[in-house]
Structures are given as C-alpha cells and as structure tokens.
1. Give, as residue ranges, the strands (runs of 3 or more DSSP E) completely inside the stretch 160-277 that count at least 2 residues that are within 18 Å of HIS294 (Cβ to Cβ) and open to solvent by 10 Å² or more (accessible area, probe 1.4 Å).
2. Cβ-Cβ distance below 8 Å, separation of 6 or more or different chains: which pairs start in the stretch 126-154 with a residue that is in contact (Cβ under 8 Å) with a residue 12 or more places away in the chain and open to solvent by less than 80 Å² (accessible area, probe 1.4 Å) and end on one that is of a type in the set (Ser, Thr, Tyr) and not in a helix (DSSP H, G or I)?
3. Exactly one condition in (1) at pLDDT 75 or above; (2) among the acidic types (Asp, Glu); (3) surrounded by fewer than 17 Cβ atoms within 10 Å (Cβ to Cβ) is not met by ASP5; state its number.
4. Name the residue that is nearest to the chain's Cα centre (by Cα), counting only residues in the stretch 286-304 that are farther than 11 Å from PHE264 by Cα, of a type outside the set (Lys, Arg) and open to solvent by 80 Å² or more (accessible area, probe 1.4 Å).
5. Mind listing just one residue for me: the one in the stretch 68-100 that is assigned to a loop (DSSP other than H, G, I, E, B) and open to solvent by 90 Å² or more (accessible area, probe 1.4 Å) and, of those, modelled with the lowest pLDDT?
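The values are calculated or read from the model by the stated rules, or taken from the named source; none is laboratory data. None of these values were measured; they are calculated from a predicted model. Every residue, glycine as well, gets a Cβ built from its backbone with ideal geometry; the counts of neighbours run over all protein chains shown. Ligands, DNA and RNA are excluded from the accessible area calculation, which covers all protein heavy atoms including side chains. Shrake-Rupley method; radii C 1.70, N 1.55, O 1.52, S 1.80 Å.
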Amino acid sequence: MEVGDFVKKKRGKDQGMTGRIQEVLISETGEIKLIVNRTAGGVWKKQSASNFEKSDAVCEIANEAMAWFHVNKSQAFPDEFRLWIHGLQKIEPDDKKRYESIWFILGKYDREEASTIEFCWNATKLDEKDQKAAHLPFHLYPQEILDGHWIPREFCERFKVDMWNNIISRDSVRKSLCYFELDHLFPRSRGGKTLRENLTIIHWTANRKKSDKLIPFLSKKEVTDLQTGLSLDQFLSLTKYVEENFDDRAEGYEKLKMMLTEDFEWPQNVFCKLKRLTTGRDLWMYMSTRSEQHMRMKQEKTTKRQM
C-alpha cells in the first residue's frame, strides 16, 4: 500500500469504512503503520497496515474526485455543492456516501483574503440587486439583529447572528464569548478553496465543532449542536435585563459589551453551562460573577509580581 491509495478498514469499530493513505511509516522493527484520512472526516493515526485492505470499490469514485479537483483548480468547490448552496439543487440522503467520497480531496491551502472578514460582516448592507449580481451565499453570512427595538442602535450594530444562531461581535477578542473565525463552507481538507464564495464567519466554538463536516449532510441534531455560543434569544434577554435594571443604561450596556467581547479565559465547557440559562437575570449573574473572578485573579497575579 502506498500514499494516495484508497483503503477499507478490516476490523474494529470502524470496520468497513474507507479512507485515503496520507503517510506510510516504518518503525525500527519493520512494522508498517499508516496515517489515513477518513472519507467521512477525521484521521486514523499510526494504525497497523494489517488493519486495512486496498479498496477497489472506491476507485471509480476516486478517479471522479481527482478529475474535478485537477480540472477546476480555480473553483472554490464542486458544481453540486455550488447548486446546493444557492438553493438550485437538493442533495438527497442516498447521494451522501458517493458525494462524501468524491469530495474528500486534500487540496492546497490558499492564502486567505485579508478583506473577506470585513466583507462578510458588511454583506447584508448590499441591496438585493447587488447581492444577486455577486453570486455569493449571502444567506450564510452574519445577519443583523432585527428584533429588540429597545436596544440602542450603536450597541446593536456591533453584534450579529451567524448562520448557526450564535451571537458574534466585530469588537470581540480571541476566545471571548462572541469571538468568531473565518470558516470554509466546503472544507479545506476536502479540496475547498480559500475564495470569497467559499468563506463565511461563524462563532469560534461552532467552527471547531463543525470541523470538516459537510453542511448538506448534517443531521438535525448536528445543526442544533452548532448553536454553541450565546443564542439570539439569550442576547435579547440580556439586553432586556439592562433596560429594566439599570438607571444608567449606557453603563449597563458598556458592561454587557465588556463581558461579551473581552477575554476572561472562558473555557469551552462554559458555553455548555450558558446554554442552560435562559433568563436575562441568570445570564447576567453568571457572566458577571465569572468576569469579576477573572479580573480579581488577574489583579492578584499582578500584585504578586510587583512584590
């Protein structure tokens, strides 16, 4: 077996699943181990070659996959995905196995466009005519918060809702509650290019959870699970809490913005706890307590260094 061969797992819990050999390793004792990119996503790392067999069944699919990749090097993703993303074609469940195999290509990583994030953030400001002319997936870009008539405009404009219903902010710093990342709609690991038509911005935890999964094949549960950050309803509850409990609303909104956009070293399990909180009061108390604890610990460390 060589690099590039398609193989099938012979034993174990993944028996019958296929992949493509990325690397062949030979130990000092002569044992051959493989690193295999799974067709369904993920990697089998340093597994014995005896666990695999060459899979002739996927050769035809593999050839078709290589064909689209080499012929369309400037294309962001396959034609079927393009038609699906613009709502022009359905991808049926019966097509899943075939397309997952065809679309599993290790393409070269292109340099990201520096202006893409700014474009995605402001895309909804374009009128409908310009959106159609651009042939871009505008429905998958962050959307403006249209509810919450009580929220000050200058505050509301700093936040948007990503395609998975997570609140993100252009003022957020890395790993904050509303931090976002650039995401490839069609995964890079499957040959998706770093072109504007294949990029959007989503919450950083959703990006990690989505990984290299294919959007048309996500189950309802997987889609729900990608709502990993603060939801729109939670955001509205928090702003309502400010309106009803702060005499100085400007001060309240400023504190809320700080809790949502600054790095208080929120671990990912915090987002699981946040999802269970629905009222503005509960959310505010939890976030406020945690942010104050972080600032207090940070101050104590600073004091110790100065002693």
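1. Filter on the stretch 160-277 gives an empty set.
2. PRO137/THR200; LEU140/THR200; TYR141/THR200; PRO142/THR200
3. Single failed check for ASP5: (3).
4. It comes out as GLN299.
5. So in the stretch 68-100, the residues assigned to a loop (DSSP other than H, G, I, E, B) come out as 72-78, 86-92.
Those left that are additionally open to solvent by 90 Å² or more (accessible area, probe 1.4 Å): 73-74, 88, 90, 92.
Details: LYS73: 53, SER74: 60, LEU88: 81, LYS90: 80, GLU92: 75.
The extreme case among them is LYS73.
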